[in-house]
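Have a look at the structure below, then the notes.
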Amino acid sequence: MRKSNKWVHILLGTASFISIFPILWLLLTSFKPVSEIYSDTFRILPKAFTLENYVDVLTRSGGVFWTWLLNSIMISLLTTVIGLILSTTAAYAISRFRFRGRKGITMSFLFTQMFPGILLIIPLYLMIDQLGLLNTYLGVVLAYLAITVPFCVMVLKNFFDTIPIEIEEAARMDGCSQLGIFWRMVLPHSLPGLAIAAFYSFLTTWNEFIIAVTFLKSDDMYTLPVGLQQFVNQFNTQYHLMAAAAIIITVPTLLLFFFAQRLMSNRYFYKKG
Amino acid sequence: MKYKGSAWIAWIFLLPSLLTIGLVLFYPLAKEIRYSFNDHHGQFSFQHYIELFGSFFSSNSVFRDVIFQTIAWTVINLFLQFTIGLILALLLNRIRKGRAIYQTLLMIPWVVPSFVGAYAWLWLFHDRFGFMNQALHKIRLPIFHWLDNGTVTMLVVIMVNVWIGVPFMMMTFLGGLRSIPKSLYEAARMEGASPWQQLTNITLPLLRPIAATATALGMIWTFNMFNVIYIVSSGGPANSTETLVTYTYQEAFQNGNIGIASTYGVVILSFVIAFTLYYQRVWKANQNEGMY
């Protein structure tokens, strides 16, 4: 028993090491001075620990990184808020009402979740170009809604399905309107579901790469992922800046994720319908 | 349990999202299908389809190469993710001490944005200053050009994507393992079943429904994966790591062939429909087995 457990730990330890190594190496690179990074002498830990790459990323070109950060936050927030308004109402309708076409609509929300972004990016690009919305927040947010809304609708529908309808009937007796029931009774009872949908929307948008790279054209409109790409592409190989920027982008993602995970391990999230 | 007589209210609740989804999803999709049937003058024609499928068996058909590369990419990825994910889940399930730490560390590749992961690997494989070649040099082995040879580059991008995809498989299997009643194993031990027999007769058969779901989702995600290939190899060298998804992008945004790119898009759509039908079957089968 002891002996076999030793092997379990060796294997899991190796696997854990492989899974963190690329990011760990990025972190180590970000703390090395340029002279050490681009040197033929192999060294694992930084000899002269420095924050100069971070300072460089945050201050270069008049602090354009802060503009990218602001763009990322604005676009993610806009997508999350608009997406939640659209998907809570749709999910409520699908969950609570029986009407013709309900099944077809549910199926199309399910089906469109499977779409690769590439399928939509070509015609969306042309459409958004025609509307004059390329290189704007609205253009990107519209494209992101195509990705986030179908998923959020299904998550929220499953959640609404678990809320007992008696709550709503009681409110109706008291003369509450349908919108009032939705706003005052259903939404407050669905906070965990709303949180999952919001986390998903925000993280998906925050981490989205290809639509942002394609739709945002000038560096005052870039989001963080597009900005990161400027450091390492066919014209540019500034891995020291890429490493620092990548770490800055990843930290909020990790924090949000582990926060969400703790929330979800709450037994409320596992309540079955 | 549901309201019946108030369909018009349902439609009011649905209207905003239907309008948006129509504008940003279904209208573009219809447009794309139409582009694929247009010739250069905007007339209806099968030109693009003839161009792709007509030369399918000729020796220089990029379309055929891309199809086979997509299949290889998806199948190898899925096989490795599935196997490694299952082994890690079985290992995690055997221990108590340190399990939470391993689990957190093993989740990292899934939590980190995929483009950050891809850039991190690209940096590891840098020809001169990357970790791989510097380490090889340090131990006096010849350095290797990781992204210069078609087959090797394909293995590198697959490895990066396996790195990203394993945690999902692992967590799914772990969830499945926890739902297997302990009493089954106790009974098996009483009967004198060896650990191997317990694995093949209890664990694996009971994991089947969840394995089918994980496979279906993993297949769709791998097929759809863009960032890893675009960042690590850009589809090169000489298109040898292009998949349908990345090559469609190249045709549209680097070569400016909207018509051909849209035709590739329709091919992708047919794959996605096939996956969805498969996924639905899996999902229904699972429900019939009463696992969920």
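The values are calculated or read from the model by the stated rules, or taken from the named source; none is laboratory data. Predicted model, so just to flag it, every value in this text is computed and none were measured. All Cβ positions, even for glycine, are placed from backbone atoms using ideal geometry, and neighbour counts span all protein chains on display. Surface areas here come from the heavy atoms of the whole protein model, side chains and all, with no ligands, DNA or RNA. Shrake-Rupley method; radii C 1.70, N 1.55, O 1.52, S 1.80 Å.
Some observations on this one:
- Residue under evaluation A:Pro225, criteria (1) over 13 Å from the mean Cα position of the chain (by Cα); (2) within 10 Å of another protein chain (Cβ to nearest Cβ), criterion not met: (1)
- Being free of Cβ contacts under 8 Å to residues at least 40 places away in the same chain, assigned to a loop (DSSP other than H, G, I, E, B) and surrounded by fewer than 22 Cβ atoms within 10 Å (Cβ to Cβ) holds for only one residue in A:Phe111, A:Phe115, and it is A:Phe115.
- Scope the stretch A:215-249; condition in a helix (DSSP H, G or I), open to solvent by less than 10 Å² (accessible area, probe 1.4 Å) and in contact (Cβ under 8 Å) with a residue 24 or more places away in the chain; matching residues: A:Phe215, A:Leu224, A:Pro225, A:Val226, A:Gly227, A:Leu241, A:Ala243, A:Ala244, A:Ala245, A:Ala246, A:Ile249
- Looking only at the stretch B:243-280, residues that are in contact (Cβ under 8 Å) with a residue 60 or more places away in the chain, within 7 Å of chain A (Cβ to nearest Cβ) and open to solvent by 30 Å² or more (accessible area, probe 1.4 Å) come to 1 in all.
- The set of residues in the stretch B:1-50 being open to solvent by less than 30 Å² (accessible area, probe 1.4 Å) and charged (D, E, K, R) consists of B:Glu32 alone.
- In summary, helices (runs of 4 or more DSSP H) completely within the stretch B:5-72 and bearing 1 or more residues that are under 30 Å from B:Gly236 (Cβ atoms) occur at B:27-36, B:47-54.
- Residue list for the stretch B:79-117, restricted to those being within 9 Å of chain A (Cβ to nearest Cβ), among the small types (Gly, Ala, Ser) and under 22 Å from the mean Cα position of the chain (by Cα): B:Ser114, B:Gly117
- Looking across the stretch A:7-58, the residues that are under 26 Å from the mean Cα position of the chain (by Cα), among the hydroxyl-bearing types (Ser, Thr, Tyr) and under 24 Å from A:Gln230 (Cβ atoms) come down to A:Thr29, A:Ser30, A:Tyr54.
- Single unsatisfied condition, A:Thr50 versus (1) facing another protein chain (nearest Cβ under 9 Å); (2) of a type in the set (Ser, Thr, Tyr); (3) over 26 Å from B:Ile139 (Cβ atoms): (1)
- So A:Met114, is it within 7 Å of chain B (Cβ to nearest Cβ), over 23 Å from the mean Cα position of the chain (by Cα), at negative phi and not charged (D, E, K, R): no
- Residue match in the stretch A:160-169 (condition: open to solvent by less than 50 Å² (accessible area, probe 1.4 Å), touching a Ser or Thr at 6+ places or on another chain (Cβ under 6 Å) and within 9 Å of another protein chain (Cβ to nearest Cβ)): no
- Tally, over the stretch A:121-138, of residues that are of a type in the set (A, V, I, L, M, F, W, C), in a helix (DSSP H, G or I) and open to solvent by 10 Å² or more (accessible area, probe 1.4 Å): 3
- Spans of helices (runs of 4 or more DSSP H) in the stretch B:96-190 with at least 3 residues open to solvent by 40 Å² or more (accessible area, probe 1.4 Å): B:99-111, B:131-138, B:150-178, B:182-190
- Within the stretch B:214-236, being among the small types (Gly, Ala, Ser) and not in a helix (DSSP H, G or I) holds for B:Ser233, B:Ser234, B:Gly235, B:Gly236.
- Of the residues making up the stretch A:1-45, those that are among the acidic types (Asp, Glu) and in contact (Cβ under 8 Å) with a residue 40 or more places away in the chain number 0.
- Which listed residue, of A:Val141, A:Val149, is surrounded by 18 or more Cβ atoms within 10 Å (Cβ to Cβ) and either facing chain B (nearest Cβ under 9 Å) or more than 29 Å from A:Thr205 (Cα to Cα) (or both): A:Val149
- Whichever residue in the stretch B:200-238 is more than 19 Å from the chain's Cα centre (by Cα) and of a type in the set (A, V, I, L, M, F, W, C) and, among such residues, is most open to solvent (accessible area, probe 1.4 Å): B:Ala238
- Test: residue in the stretch B:142-155 that is modelled with pLDDT of 90 or more and closer than 23 Å to A:Phe257 by Cβ: no
- Residue ID - nearest to A:Asp129 (Cα to Cα), chosen from residues in the stretch A:242-263 that are out of contact with any Leu (no Cβ under 9 Å at 6 or more places or on another chain) and more than 11 Å from every other protein chain (Cβ to nearest Cβ): A:Phe259
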